[in-house]
1. So what does log10 I(q)/I(0) come out to for segment 159-314 at q = 0.09, 0.10 Å⁻¹, using the Debye formula with one equal point on every Cα and no solvent?
2. First compute the accessible area of segment 308-386 with a 1.4 Å probe, then give the percent of it belonging to carbon and sulfur atoms.
3. Which value, in Å², gives the accessible area per residue of segment 17-148 when a 1.4 Å probe is used on the protein heavy atoms?
4. Excluding ligands, DNA and RNA, what is the solvent-accessible area per residue of segment 236-383 at a probe of 1.4 Å, expressed in Å²?
5. In a Debye calculation with equal point scatterers on the alpha-carbon sites of segment 199-272 and no solvent, what is log10 I(q)/I(0) at q = 0.16, 0.22, 0.27 Å⁻¹?
6. Per the Kirkwood formula on distinct C-alpha pairs, the Rh of segment 88-236 is how many angstrom?
7. Please compute P(r) over all alpha-carbon pairs of segment 74-172, binned at 5 Å starting from zero, and give each bin as a whole-number percent.
8. In cubic angstrom, how much convex hull volume per residue do the alpha carbon atoms of segment 1-146 span?
Amino acid sequence: MKKCVQCGLPETYETIEFDDAGVCNICQQQQYKQGVIDWSARKVMLDELIEQYRGKYDYDCLVPFSGGKDSTFTLYHLVKEYKLKPLVVQFNHGFMRPGLLENNERTFKKLGVDVISFTPNWKVVKRLMREALVRKGDFCWHCHTGIFAYPMHLAIKFKVPLVFWGEPSSEYTAYYDYRDDAIEEVDESRFNRFVNLGITSDDMKGMIEKDFDLDPRDLIPYSYPAMRDLKQLRYRSVCLGSFIPWDVKTQSKLIMDELGWKGDEVEGMPPGLYSYEKIECAMQGVRDYLKFLKRGYSRVTQMTALDIRNGRLDKDSADKLVAEWEGKKPPSLELFLEFLDMSEGEFNAIVEKLVVPPYEPEFQTIQWGKKTHDFDRWYRESKDKP
Ligand SMILES: [Zn+2]
């Protein structure tokens, strides 16, 4: 496969393009972020935005919160630097790990914030996971749509027009380019551009209602609210990372020091190195494994590429990490297959149809990866079976 000469991302990476020298567009927009964007002017924009909304509603802003490093830093920054009163909204995708729940409790108590946590119907979640896996090879439709749509419903219900997300998507992809020098609006067009994988909740209804006892209201949490309601609210929905330069390592260290936030081991990742990344979900290992089967790279490549771009890792060390860690079968696959009542053969057959050329997966030679320390505490369904 063709790879970026600078960061190593392969040609199967979403939105990637290469220049004549073989450098990818993600690397190019990163140089723009570091060299050209006037971050002090952006900070002034942020100050003005916040002052427009401060003290005028029951809450100054709404913060959608997963408990990962980005939303934790966002909440920390808004409460500590700006002294805002936020409404924290947590969409529970059904796979929150024990360490994450402990982090969340500590963060909420230390910062002193109001929190609403919402958990959708598990039976619906499982059916949505199966459908999205079969259609797109990406079972996370319920989570991505829920995380981005549900807080907007609460923004309307509680009349909180200012919504703050964390990391802008330009950190990883080129759906929105730092070089456009525009503020990324986290709105319905962004939702439809890549969050929902091209499947609206209406589409989803049509796909599953024949074999699933669906109440149409079951899909409300996954549907973007009506535009007229959002317009009436005069909402702004933006990423904090569009206004201050996003730096995950520095920010992770800050929340560890200030809030006692803890990283965790993640299936398929070198332990210790990236323990601040993607600790939210017990199914992250399956998600990364799927990406590897479809595109021939996983999050080890993605994370080392980011480090290379930020001048923190050399290409040789990155290649070694990728060779050692990438492409192992995660133990969580067993739980995942139980949830979906699916065999591994069926899973592989689905994935095989969705592989992104020129990559070709070799299912036979794949080895099992290691269990994480908390694996035995993750919810599983086989325990309930006789
Ligand atoms: Zn690159």
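The values are calculated or read from the model by the stated rules, or taken from the named source; none is laboratory data. Here the structure is a predicted model, which is why all the values come from computation and not from measurement. Each accessible area value is taken on the protein alone, full model and side chains, heavy atoms only, with ligands, DNA and RNA left out. Shrake-Rupley method; radii C 1.70, N 1.55, O 1.52, S 1.80 Å.
1. -0.42, -0.52
2. Answer for segment 308-386 is 49 percent, counting heavy atoms of protein chains only.
3. Working: 5440 Å² over 132 residues.
Per residue, segment 17-148 has 41 Å² of solvent-accessible surface.
4. Details: 6650 Å² over 148 residues.
Each residue of segment 236-383 exposes 45 Å² on average to a 1.4 Å probe.
5. Log-scaled intensity ratios, in q order: -0.89, -0.95, -1.23.
6. Values: mean 1/r = 0.0594 Å⁻¹.
Radius from the Kirkwood sum: 16.8 Å.
7. Pairs per bin, as whole percents: 2, 10, 18, 20, 21, 16, 8, 4, 1, 0.
8. Numbers: hull volume 24.9 nm³, N = 146.
Taking the convex hull of the Cα positions in segment 1-146, it is 171 Å³ per residue.
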